[in-house]
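Asks: A single structure is presented below for examination.
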Amino acid sequence: MDDVYTGNIFIDLIVLLVLMFAFARHEADWEPTTARSGIYFDYLNPKAILVFLPQFALCRLLFYWFWGFSQILILLLFFLPLAPLLHRFFYVPWRKAFLIAGCFLGYMIFIALAIYRERESDQKDFSTELEKVLDRPPGKPVRSP
């Protein structure tokens, strides 16, 4: 869980800032700041960190906890406030905000599939280990191949 959940939240933020730069570089407030208030504030936009980082963390955590068909609902709940937040806090026009949110939704669908595959393989590994323990005769140790 650590490699999927913690390390890539900042990559999500960087992808969003790159999309803001690509689609709305002249209208949006996407630029990193020169303020030296923290290690992550040196290279990223502090407003983007405060607005989107809790949303990204909650989305990945929910992806990891509730996998399967519920990830579609999580993606919808994640996608719906993205364009209004871009418009309100970063001054992106509505049309470009929905374009950025749509492209970012495609990226998050890829992430959701990766988390689903990881959880599914973890579940299969756990079930095979459990079957080995349950199928062995009493008093015999479990041997891994």
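Asks: Scan Thr128, Thr34 and give me the residue that is among the β-branched types (Val, Ile, Thr) and either at pLDDT 80 or above or assigned to a loop (DSSP other than H, G, I, E, B) (or both). Walk me through it before giving the result.
Replies: Details: Thr128 fails: either at pLDDT 80 or above or assigned to a loop (DSSP other than H, G, I, E, B) (or both).
Only one candidate passes the filter, namely Thr34.
Asks: Something else about it: Filter the range 43-98 for residues that are in contact with a Ser or Thr (Cβ under 7 Å, 6 or more places away or on another chain) and assigned to a helix (DSSP H, G or I) and give the result. Walk me through it before giving the result.
Replies: Filtering the range 43-98 for residues in contact with a Ser or Thr (Cβ under 7 Å, 6 or more places away or on another chain) gives 45-46.
Of everything in the range 43-98, just one residue is in contact with a Ser or Thr (Cβ under 7 Å, 6 or more places away or on another chain) and assigned to a helix (DSSP H, G or I), namely Pro46.
Asks: Has the range 50-64 got at least one residue that is in contact with a helix residue (DSSP H, G or I) (Cβ under 8 Å, 6 or more places away or on another chain) and β-branched (Val, Ile, Thr)?
Replies: Quick first cut of the range 50-64, residues in contact with a helix residue (DSSP H, G or I) (Cβ under 8 Å, 6 or more places away or on another chain) only: 51-53, 55-57, 59-64.
Now drop any that are not β-branched (Val, Ile, Thr), which leaves 51.
The answer is yes; a qualifying residue exists.
Asks: Does the range 66-81 contain at least one residue that is at negative phi, modelled with pLDDT of 90 or more and surrounded by fewer than 18 Cβ atoms within 10 Å (Cβ to Cβ)? Walk me through how you get there before you give the answer.
Replies: First, the residues of the range 66-81 that are at negative phi: 66-67, 69-81.
With modelled with pLDDT of 90 or more added as a condition, the list becomes 81.
Applying the additional criterion that residues be surrounded by fewer than 18 Cβ atoms within 10 Å (Cβ to Cβ) yields 81.
Yes; the residues of the range 66-81 include at least one that is at negative phi, modelled with pLDDT of 90 or more and surrounded by fewer than 18 Cβ atoms within 10 Å (Cβ to Cβ).
The values are calculated or read from the model by the stated rules, or taken from the named source; none is laboratory data. This one's a predicted model, so the numbers in the text were calculated from it and none came from an experiment. Backbone-built Cβ (ideal geometry, glycine too); neighbour counts: all protein chains shown.
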